[in-house]
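First comes the structure, then the notes that go with it.
Derivation of every value follows stated rules applied to the coordinates shown; laboratory data play no part. All values reported here derive from a predicted model rather than from experimental measurement. Cβ atoms come from the backbone with ideal geometry, glycine included; neighbour counts cover every protein chain shown.
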Amino acid sequence: MPTMNMVQALNAALDCKLAQDADCLIFGEDVGYFGGVFRVTEGLQARHGRKRCFDAPISEGGIIATAIGMGAFGLRPVVEIQFADYILPAFDQLVSEAARLRYRSNGEFWAPITVRSPYGGGIFGGQTHSQSPEAIFAHVTGLKTVIPSNPFDAKGLLIAAIEDDDPVIFLEPKRLYNGPFDGRHDRPAASWADHAAAEVPDGRYVVPLGSAAVVREGEAATVLAYGTMVHVALAGIADSGIDAELIDLRSIVPLDIETIVDSVGKTGRCVIVHEASRFGGFGGELSALVQERCFYHLEAPIERVAGYDIPYPHAFEWDYFPGPRRVAAALARVMEGG
Amino acid sequence: MVTTIALHLHIPEPVSRPGTEADFSWVEVPAAGSVRRPEPTAADEDTRDLPYTLIRVLDEDGRAQGPWTPRLTGDQLHQGLRAMMLTRVFDDRLFRAHRQGKTSFYMKSTGEEAIGAAPSLALDPHDMCFPTYRVLSWLMARGYPLENLVNQIFSNAKDPLKGRQLPVLYSARDYGFYSLSGNVGSRFGHAVGWSMASAYRGDTRIALGYIGEGSTAEGDFHEALTFASVYRAPVILCVTNNQWAISSYAGIAGAEATTFAARAVAYGIPGLRVDGNDFLAVWAAIEWAAARARGNCGPTLIELFTYRAAGHSTSDDPTRYRPADEAARWPLGDPIERLKTHLVARGDWDDERHAALARTLDEEVRTAVRQGEAVGTLGKSKPPAREMFEGVFASPDWRVLEQLRESGL
Ligand SMILES: Cc1ncc(C[n+]2csc(CCOP(=O)(O)OP(=O)(O)O)c2C)c(N)n1
């Protein structure tokens, strides 16, 4: 099995779908001849032809709107929004159109589109190249939101997203593109080459949407994370010395509630980790669900580790980023209760 | 009889790519001075030819030609030349500073220096510009302190934006320079609103907005034009058409079908298409549009036709998507060289004085960078980290106060 980084795995997924499905096509800013600013679509135009993978005008609203129209016709467009921070001009198209087309037309029309977009911090991108907007999509009924944390999942989840008949927001943790990152920014960058999940099978396979992965089994507490924070949480668990179970949600809508409930039912303690700012973040929903479904198993208040409620500040990237130290501290607090 | 043919999806593609020779044979360059100049008070219908030509003043010998020639003093021209040269020296040095790990990011405006410098000098000090990240020469023309720029780029303890913003996304209110943001296009409507506010108050100030040709695809551009047209806002709206938006050529923004200046026609406002590498032509167009705005005749759209001679940013390698010799073959030349030639032709400049000015500017930039390095480059010095919690609201709410405490900063 070839070893791939996340960029290559995503490229392999797109290559596979373009080859298999003549109705699948890709467009977005700089994705055509150039191959995308993060190189995810590199070589696809040369291999599959200009009309299968082409550049779009700088109009996120236009990109999503035309993708919806193509989807309504019967195509399966995969569009790239260059940074998740720039998805906002398309927000009305996603919320009022893509998410509701099936419902309001009673199934006459639907939008089988996939919106790929790099998200998250850790690359000194400042306020508008670092955000994690997953919670605002999770809040919208009718959108699915998927976030891989490693190359194997990235390929399988992207193929599943493209084959899904509903609109999927596919957020790619850009800090993980070239290697796993556990939040210890002062250490040399790691490579996917030494990572088990970098073995990516050839051809088509899917990781179903709505299936979480237990990354580390443990008895003392449950840690819920996704994307970059899976690696950060793992480092935080190691630092804490606490035998925590780590769950990688992989998709937040649909959400694998069973895996979460089973784990918290077993451990009785829960720490939720995300990079997005805390107030109104997806951690609030997770916390409510765990409280509603596991209340009588809980031994301590649920803890949230998240970004602060300020814009992502350029010079203070590492003061802002919720690193392993904050995860370990939350684990220690959650162990004190009960 | 109706014939049915299979439909075909058109995907625009530039004439040249890496490995082929640059080809600008499609660029029509009218002679300097050949375009007529209606009065700034002219009705929109009397300006309908202007979006489809190219207003140029400087001829091949550096002589000013025709009705658009602005009446500029030697001082004004020297100021313009200085600002453009300073921009170029600064860009080159700070780009290198990025390569040396002193900052996280940098963007140059090489070849586009006239586009910020001429309007900055032509407009009044109290007018407001809503910039893109590629009009550093606006600030250079107004004498913005180089140390402030360097400190912002290094995100160090003296960064006027307190380390909160990506390098080059300046804000300089006192210099008529509105706060920049990383998302493109979104301030174009602010220029319109600011100018409407001035009209509302019965003030005399006007606004100027810049947008890249690539970013005209955003709704922001069309929304701004609609509001400007409806309320006859006293605003000058400029499209910098530098041919490239990262790797996408202008055809991806609609340049195959018509010009960017021609977007004005449908909104019923004048559209001027101007040689953006001709300092005098840019000045003249801005002066014309400003007179119009100040006379309550409403907005003007100006396409500044130019070429992005450098890469998009420090993250970009343009040889991956365009021929390496494109910049050298750009038919409208270099704005600095052209203004220099003009000054020489006026008998007001020579190679020696030019070289001396270049040395002075180089030293000014070196001094500013040395000062910035003494404070500290990226990561070596920064404002107090606890200050990152300030300034979200006018007064912080409990969340931020609690988080500041929690952070231990
Ligand atoms: C809303 C938004 N979408 C996408 C981007 C990514 N992006 C940054 S610059 C750029 C190209 C802009 O091209 P243009 O407007 O022509 O200006 P130029 O860079 O050529 O000066 C793109 C696509 C962004 N910053 N903001």
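In the structure displayed, which of A:174/A:266; B:108/B:380; B:102/B:340; A:144/A:174; B:158/B:340 lie more than 27 Å apart, Cα to Cα? Violating the 27 Å Cα-Cα cut-off are A:174/A:266; B:102/B:340; B:158/B:340.
Relative contact order for chain B: 24 percent, from Cα pairs under 8 Å spaced at least 6 residues apart, divided by residue count.
Residues with beta-carbon under 11 Å from that of residue B:216, excluding residue B:216: net charge, scoring Lys, Arg +1 and Asp, Glu -1?
Numbers: positive: B:263; negative: B:213, B:218, B:220, B:303.
Value of the local net charge: -3.
For region B:121-279, taking the reciprocal of the average inverse distance between every pair of different Cα atoms yields a Kirkwood hydrodynamic radius of 16.6 Å. Going by alpha carbons, how many degrees (0 to 90, nearest 10) lie between the helix axis of A:282-294 and the longest principal axis of chain A? Around 60 degrees separate the two axes.
For chain A, the Kirkwood hydrodynamic radius from C-alpha pairs, put into Stokes-Einstein at 25 °C and a viscosity of 0.890 mPa s, yields a diffusion coefficient of 122 µm² per second. Net charge of the neighbourhood of residue B:294, taken over other residues with C-beta under 15 Å away and scored Lys/Arg +1, Asp/Glu -1, is -1.
Summing +1 for each Lys or Arg and -1 for each Asp or Glu among the other residues whose beta-carbon sits under 11 angstrom from that of residue A:65 gives -3. Ordering A:214, A:296, A:282 by Cα displacement along the dipole of region A:213-336 toward the positive end leaves A:282 in first place; charges were set at the Cβ atoms of Lys, Arg (+1) and Asp, Glu (-1). Oblate is the label for region B:258-348. Its Cα gyration tensor axes, ordered a ≥ b ≥ c, give a/c of at least 1.5 and b/c at or above a/b.
Rounded to whole Å and sorted largest first, what semi-axes of the equivalent ellipsoid does the C-alpha gyration tensor of the protein assembly as shown yield via the square root of 5 times each eigenvalue? Could the numbers behind the result be given before it?
Values: eigenvalues 457, 185, 112 Å².
Whole-Å semi-axes of the equivalent ellipsoid: 48, 30, 24.
Test of understanding: ordering A:186, A:23, A:153 by Cβ neighbours within 10 Å, fewest first, what list do you get?
Details: A:186 5, A:23 14, A:153 24.
The fewest-first ordering by Cβ neighbours comes to A:186, A:23, A:153.
Placing unit charges on the Cβ atoms of the charged side chains and taking the dipole of the protein assembly as shown about its Cα centre, the candidate lying farthest along the positive direction among B:77, B:247, B:138 is B:77. Of A:160, A:197, A:315, the residue with the greatest mean-square motion in the GNM of chain A, using alpha carbon springs below 10 Å, is A:315. In a simple Cβ point-charge model (Lys, Arg +1; Asp, Glu -1; nothing else charged), the protein assembly as shown has a dipole of about 980 debye relative to its Cα centre. Residue exposure proxy: B:409, B:401, A:101, B:9, ordered by other Cβ atoms within 10 angstrom of their Cβ from fewest to most, comes out as B:9, B:401, B:409, A:101. Extents of region A:3-199, taken as max minus min of Cα coordinates on every principal axis and listed largest first, are 53, 36, 29 Å.
Relative to the dominant Cα principal axis of chain B, helix B:398-407 is inclined by about 60°.
Need the C-alpha centroid separation for region A:195-227 versus region B:68-139, integer Å. Rounded to whole Å, the Cα centres lie 50 Å apart. Taking the convex hull of the alpha carbon positions in chain B and averaging its projected area over all directions gives 25.3 nm². Calculated [222 nm] ellipticity per residue, helices only, for chain B: -11500 deg cm²/dmol; basis is -39500 (n - 2.57) per DSSP H run with n ≥ 4, divided by all residues, nearest 500.
Only DSSP H runs of four or more residues enter the estimate; each adds -39500 (n - 2.57), and after division by the residues of chain A the mean residue ellipticity at 222 nm equals -9500 deg cm²/dmol.
Relative to one another, the C-alpha centroids of region A:76-143 and region B:198-273 are positioned 27 Å apart.
Would you compute the Debye intensity of region B:278-409 from its alpha-carbon atoms alone, equal scatterers and no solvent, and pass along log10 I(q)/I(0) at q = 0.13, 0.17 Å⁻¹ to two decimals? Scattering profile of region B:278-409, log10 relative to I(0): -1.02, -1.09.
Given axes a ≥ b ≥ c from the Cα gyration tensor, I'd like to know whether region B:228-297 is rounded (a/c under 1.5), prolate (a/b larger than b/c) or oblate. Before the final figure, lay out each step's value.
Details: a/c = 2.61, a/b = 1.46, b/c = 1.78.
Oblate, since a/c reaches 1.5 and b/c is not below a/b.
Partner shielding of B:211-217 amounts to 3, given as the average count of beta-carbon atoms from other chains within 10 Å of each residue beta-carbon. When DSSP beta bridges are restricted to pairs lying wholly in the protein assembly as shown, around 15% turn out antiparallel.
Going by a ≥ b ≥ c, the root eigenvalues of the Cα gyration tensor, does region A:192-304 fall in the rounded group (a/c under 1.5), the prolate group (a/b larger than b/c) or the oblate group?
Here region A:192-304 falls in the prolate category.
Build a GNM of chain A with springs between Cα atoms under 10 Å apart, and of A:307, A:49, A:281 the one that fluctuates most is A:49.
Exposure proxy shown here: for A:175, A:104, the number of other Cβ atoms within 10 Å sets the order, fewest to most, as A:104, A:175.
Would you work out which of A:107, A:22, A:233 lies farthest towards the positive end of the dipole of chain A? Charges go on Cβ: Lys and Arg +1, Asp and Glu -1. So the residue we want is A:22.
Its Cα centre serving as origin, chain B has a Cβ charge dipole (Lys and Arg +1, Asp and Glu -1) of approximately 1020 debye. In a reduced charge model with +1 at each Lys and Arg Cβ and -1 at each Asp and Glu Cβ, region A:34-160 shows a dipole moment near 480 debye about its Cα centre. Report, to the nearest 10°, how far helix A:228-240 tilts away from the longest principal axis of the Cα atoms in chain A, using its own Cα long axis and a range of 0 to 90°. Rounded to the nearest ten degrees, it is 20.
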